[in-house]
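The values are calculated or read from the model by the stated rules, or taken from the named source; none is laboratory data. Since this is a predicted model, take the numbers as computed values, not measurements. Every residue, glycine among them, receives a Cβ derived from its backbone with ideal geometry; neighbour counts consider all protein chains shown.
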């Protein structure tokens, strides 16, 4: 039996949300059990290696580079947090007379005042959740920058790794909240676009979240590692060619 215009929201909207939540629960399971199969686990592995290298006998120049990388993440989180709170403040503007006329005349679905209120409240919750996640992401990156800028200290590497990974995870959660908000935004134009967007977004996210690159086991060299490799190369050239004369470096 065909669904009427007023009850189609009760079927398609919960189905679309169930698809989104089900996919993210499956993604969370993969992150905890099989992190190497996800892009999030792959990036966290590389970030742990990056922090370990930055804190391993780092020079002031290397510390400056690390702080610049962390500062760029703080700036990105702050900008997205500002965008989220700005979109939250604009939700009330969307509830205008023209929008109501559009929903009544064009949208196939429930156009009652109660359903419209649920739509806007759901959007507001998603944007506020994204704002909170991005603020927490900036907070952890700031904490990591404080620890990384403490020169000649015995701060455990795991402390900085935890701060950077948590900042990255909150960044990912904020993006997921924005994805949910995009789906709920299409609900304003009816349950059919919302359901279609949910299916398309899950397919796209599954492609973007899947990792097939094996995790690289990083090896680190000290600051004079390059000098040792150049010395070995010079000794090899002298052994192969007795007439080889090394050219002195002029600084």
Single unsatisfied condition, residue 31 versus (1) more than 16 Å from residue 169 (Cβ to Cβ); (2) at pLDDT below 95: (1)
State which residue is modelled with the lowest pLDDT when the search covers only the range 188-222 and only residues that are under 21 Å from residue 43 (Cβ atoms), out of contact with any strand residue (DSSP E or B) (no Cβ under 8 Å at 6 or more places or on another chain) and surrounded by 11 or more Cβ atoms within 10 Å (Cβ to Cβ). 218
Within the range 121-165, how many residues turn out to be in a helix (DSSP H, G or I) and free of Cβ contacts under 8 Å to residues at least 60 places away in the same chain? 23
As an exercise: evaluate residue 148 against (1) farther than 20 Å from residue 8 by Cα; (2) more than 13 Å from the chain's Cα centre (by Cα); (3) modelled with pLDDT of 90 or more; (4) surrounded by 18 or more Cβ atoms within 10 Å (Cβ to Cβ) and give the number of the one condition it does not meet. (3)
Here the residues within the range 32-60 that are more than 30 Å from residue 149 (Cβ to Cβ) and either under 17 Å from the mean Cα position of the chain (by Cα) or part of a helix (DSSP H, G or I) (or both) are 32, 33, 36, 37, 38
Checklist (1) buried (at least 18 other Cβ atoms within 10 Å of the Cβ); (2) more than 24 Å from residue 129 (Cβ to Cβ) applied to residue 9, failing item: (2)
